[in-house]
Structure formats: C-alpha cells, structure tokens
1. Name the residue that is nearest to residue 87 (Cα to Cα), counting only residues in the range 23-71 that are charged (D, E, K, R) and out of contact with any strand residue (DSSP E or B) (no Cβ under 8 Å at 6 or more places or on another chain).
2. What pairs come up if the first residue lies in the range 47-58 and is without any contact (Cβ under 8 Å) to a residue 40 or more places away in the chain and under 9 Å from residue 88 (Cβ atoms), the second is outside any strand (DSSP E or B) and among the aliphatic types (A, V, I, L, M), and their beta carbons are under 9 Å apart, counting only those six or more places apart or on different chains?
3. Tally up the residues in the range 55-106 that are part of a strand (DSSP E or B) and under 14 Å from residue 34 (Cβ atoms), please.
4. For the range 48-59, give me each residue that is surrounded by fewer than 18 Cβ atoms within 10 Å (Cβ to Cβ) and under 18 Å from residue 79 (Cβ atoms).
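No lab work stands behind these numbers, since they all come straight from the coordinates. These numbers were taken from a predicted model, which means no experiment stands behind them. Glycine also receives a Cβ, built like all others from the backbone with ideal geometry; neighbour counts cover every protein chain displayed.
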Amino acid sequence: MSLLQVISRFKQSFIEQRRSIRERVNFPAWIDVGDRSQRIECTVLDVSEGGARLMVPESAKLPREFWLVFSKSGTRRRRCQKIWRSDEQIGVTYIGPLHAGWLPSLLN
C-alpha cells in the first residue's frame, strides 16, 4: 500500500470528536497551581465551550488540576484539568465555571 493510500484511508476514517467548535485566540494567561507567588505564564492558543489549548514552558511541572487565570489580578479564572500534553502545549477541559471578581477563598 502506498503512502498516499494510507493517508487517504486515514482521512476517511477520522471522525471529529470535539463537542464544540474551537476558536483560535492568542492571549496571555497564567497557571495557578495553588500558590499565587508561583504562577506559570502561558498563552491560550484556542478555546472552545469545553476546554482550551495552551502553550506552556516545556520545563513547567503541572498538576492534573489547576486554575487557569485570565487576568493579572487573578479575578478572572477557571478550574481546569489537564487532558494531554506535548512538549510545549497542553489541552485542558474546564471542570468549573468562570469565576469573576475577587474570591478570597481561592487565595488560601
């Protein structure tokens, strides 16, 4: 079987499994693993209703769950779960609603 035939069969057998459409974006965010002094800078590459794809430093050690912070002040954030990781990118699913405003319980 030629390479072209393999590619053709793969394309025919691929089924889109995403539940919602992704929107390409490119904005800064931070990963908060529980200690506000140790935020990890990242870039949100695309978002959907259920999750996002982030560019992170290759050396970053990330837990399975963390807060994705959308504002420097930390007032806009969302709880996420890491689903997959490549060298410099991770895919996350949202496990909670968007929190907006000052939330003192998140700072403890």
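1. Start the filter on the range 23-71 by keeping residues that are charged (D, E, K, R), which leaves 23-24, 32, 35-36, 39, 41, 46, 49, 53, 58, 61, 64-65.
Narrowing the set further to residues that are out of contact with any strand residue (DSSP E or B) (no Cβ under 8 Å at 6 or more places or on another chain) leaves 35-36, 49, 58, 61.
Details: 35: 24, 36: 24, 49: 24, 58: 5, 61: 12 Å.
By that ranking, first place goes to 58.
2. Matching pairs, first to second residue: 56/62.
3. Our first condition is that a residue be part of a strand (DSSP E or B); within the range 55-106, this holds for 55, 65-69, 76-85, 89-94, 99-100.
From what's left, under 14 Å from residue 34 (Cβ atoms): 65-69, 77, 79-80.
Count: 8.
4. Taking the range 48-59 as the starting set, the residues that turn out to be surrounded by fewer than 18 Cβ atoms within 10 Å (Cβ to Cβ) are 48-50, 55, 57-59.
Matches in the range 48-59: 48, 49, 50.
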